[in-house]
Each structure stands twice: as structure tokens, then as C-alpha cells.
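Structure record follows, encoded as C-alpha cells.
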Amino acid sequence: MSLVTSKEMFKKAYDGGYAVGAFNVNNMEIVQGITEACKEEKAPVILQVSKGARAYANHTYLVKLVEAAVIECPDIPIVLHLDHGPDFETCKACIDGGFTSVMIDGSAHSFKDNIEVTKKVVEYAHDHGVVVEGELGTLAGIEDEVSHAVGSYTRPEEVEEFVEKTGVDSLAIAIGTSHGAYKFKPEQCTVNEKGILVPPPLRFDILEEVSRRLPGFPIVLHGSSSVPQEYVAMVNAHGGKMPNAIGVPEEQLRQAAKLSVCKINIDSDLRLAMTGTIRQFFDEHPDKFDPREYLKPARANIKEIVRHKLRDVLGCAGKA
């Protein structure tokens with residue numbers, strides 16, 4: 001099986017009431033951990049690359065790593081997707097360079113300019129057999145090179161015009177998720193009976209209204225890492241300082257996956273698993289220096305996080 005687009009993948013997800021995981025990749029171990037989990041769980045997957053990842057690892061290396069995953073996992077559909085493409089030129093480079101899906105993030109522009117740049121990308125992508133994700137609304141937070149101090153919810157009354165005028169294949173909306181491990185400030189949260197900070201609920205009313213206006217159309221959630229507290233604790237126990245790192249509750253993501261959300265983006269959880277594991281390894285083995293020795297358990301923990309997401313959050317295990 002070669003790389004595929006998300007078109008058929010999203011149709012099955014929408015009809016089946018589950019979501020496909022879109023996991024950010026930056027190096028070989030992350031690609032391996034994700035795809036090994038998907039292979040064993042028989043789950044479709046989207047491997048996504050940000051502008052920052054392309055700058056770090058080089059476009060060609062990342063494409064070849066994903067192509068290697070396709071060879072090693074011939075029975076699962078794999079999409080190679082550009083995450084948060086900032087402009088037409090970046091999207092074009094990825095389309096020309098082997099990606100099967102791109103996101104053009106025009107959410108920082110005016111509604112009119114967002115339509116204009118998104119339509120331009122769509123026209124070029126569709127001419128080359130590539131699908132396009134657009135975005136309406138802005139997520140707060142910081143992750144990779146995406147940074148907004150304040151988010152803005154998607155306006156449901158704009159989605160029909162945006163989709164019709166641009167021709168996008170899927171739409172990322174803002175309903176309260178946020179980029180990075182510090183998604184919510186403590187003052188935004190409540191405290192439960194165990195003294196744990198609980199973030200504000202996602203705006204399902206917005207999602208439901210968007211779904212009503214765009215029946216059958218695939219919706220995307222960015223900034224949907226749950227920030228596993230066991231890995232936050234692992235980081236902090238071994239020299240890190242990550243106070244008040246709070247993620248999106250997994251039960252809310254499960255609910256979104258049962259509705260019109262067909263793609264859920266996860267990045268910070270993988271970074272935490274890798275960093276926490278490596279910090280612990282060095283703390284416990286200060287004499288070690290072989291990268292294979294600490295990257296192997298890091299890869300294994302990434303695999304287990306992805307396996308959990310596929311089975312218990314996204315609902316896409318067994319859907320390949």
C-alpha cells in the first residue's frame with residue numbers, strides 16, 4: 001500500500017463514529033512508535049509534519065522515514081500531512097514533495113483573506129491529487145512554531161460560506177482546545193474533590209452547530225493532547241519543572257470522536273513520553289551515553305501512548 005489521502009479515511013470515520021489520530025513526527029523513533037502501535041492495533045493513521053519539523057529534520061528525511069513506515073506497515077492506510085502550513089509556498093513545496101494532505105492555516109488573517117489563500121492552496125492541491133484542511137477560529141497556546149496568546153472560537157455562521165468558497169476537504173475548528181502542554185491557566189480551571197485542576201469543558205454547542213450546518217463534513221480538532229500526568233510527574237521527578245501542565249480530558253475527546261470530528265491532533269503527549277523517559281533514564285543511569293539505550297524505552301512509551309489513544313480515545317483500533 002502506498003501513501004493515501006484522508007478522503008476515504010474520513011468518510012469511514014464519520015459514518016463509523018470514530019476519529020483518526022493525527023500524530024506529529026520529528027524523528028525516526030517517533031515514526032516507529034506511532035506506526036508500530038497502529039500496525040498492531042490495525043488502525044489508520046495520519047503522520048503529520050509541521051514547519052518546525054521540516055526545519056529540524058529536513059523534508060526529505062521525514063518523507064523517507066514515512067515511506068519506510070509504509071513498507072513496514074503495508075496493511076494500514078497512512079496519510080502524510082502538513083500541519084499548520086503558514087502560506088501557499090510551504091503547502092506547494094509539500095505537495096510537490098510527496099505529501100498527500102496539507103493544512104493551510106489562514107486563521108490569523110481576515111475571513112476574506114483566509115478564504116483567498118485557502119482557495120489558492122485547494123486549487124493547486126486538487127490538481128495534484130492532494131487534499132486540504134482549512135481552519136476557522138484560533139487556538140491559544142504555544143506548540144512548535146504555532147503561537148497565539150489568545151484564542152477565538154469558531155463562528156458557526158461562517159463555516160458554510162468558507163467551505164463553499166474554498167473547496168476544502170476538512171475544517172479545523174476552535175471549541176476550547178489549545179496548543180502545547182500548558183493549555184489552561186489555573187484560574188480558568190476548577191478544583192475537584194482530589195485537589196486536581198479540571199479545565200473548562202469544550203464548547204460542544206459550537207461543534208454541534210457546525211455539524212448541523214455542514215452535514216457529513218469532516219471536522220478536525222487541533223491541540224488535543226491530554227498531557228498525561230504520569231509523564232508530567234516523571235519529568236518533574238527527574239529534574240524538570242512543569243507546574244500546572246493541564247490537557248484536554250480524554251472523555252471529552254471520546255465524545256467529540258463520536259460526533260463529526262474525524263481527525264484529532266496529538267503532539268505534546270508524545271513529547272512528554274519521550275522527554276520523561278529520557279530524563280528518568282539519565283537519572284538512573286548517569287554512566288550511560290549510547291543513544292540507543294535511552295531512545296529504545298522512549299520509543300516504547302510513545303508506542304503505548306498511541307496504542308491507548310487508538311483503543312480508548314479515538315475508537316479507530318481495528319478500522320484499518
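Just so it is clear, none of the values below were taken in a lab; they were calculated from the coordinates. Everything quoted here is computed from the prediction, not taken from an experiment. We place every Cβ from the backbone using ideal geometry, glycine too, and count neighbours over all the protein chains shown.
Here are the numbers for this structure:
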{"quantity": "Approximate spin-label separation residue 311-residue 89, in nm, with each point projected 7 Å along Cα-to-Cβ", "calculated": "4.7 nm"}
{"quantity": "Förster radius 30 Å - calculated FRET efficiency between residue 236 and residue 290, Cβ distance, rounded to 0.05", "calculated": "0.70"}
{"quantity": "Radius 9 Å from Cβ of residue 73, net charge of other residues (Lys, Arg +1; Asp, Glu -1)", "calculated": "-2"}
{"quantity": "Residues whose placed amide H lies under 5 Å from that of residue 198, excluding near-sequence neighbours", "calculated": "190, 191, 192"}
{"quantity": "Relative contact order, percent, the chain [alpha-carbon distance under 8 Å, six or more residues apart]", "calculated": "22 percent"}
{"quantity": "Theoretical gain in end-to-end length, residue 189 to residue 213 [0.36 nm per residue, Cα-Cα removed]", "calculated": "5.6 nm"}
{"quantity": "Stretchable slack from residue 282 to residue 155, in nm (0.36 nm times residue separation minus alpha-carbon distance)", "calculated": "41.0 nm"}
{"quantity": "Counting DSSP beta bridges with both ends in the chain, the antiparallel % (nearest 5)", "calculated": "15 percent"}
{"quantity": "Relative contact order for segment 1-98, counting Cα pairs under 8 Å that sit 6 or more residues apart, in percent", "calculated": "37 percent"}
{"quantity": "Length-normalised contact order of segment 243-314 in % [C-alpha pairs under 8 Å, at least 6 apart]", "calculated": "45 percent"}
{"quantity": "Neighbour-count order for 100, 60, fewest beta carbons within 10 angstrom listed first", "calculated": "60, 100"}
{"quantity": "Under 14 Å from residue 309, Cα to Cα: aspartates and glutamates that are on another chain or at least 8 residues apart", "calculated": "36, 40, 41, 250, 251, 267, 269"}
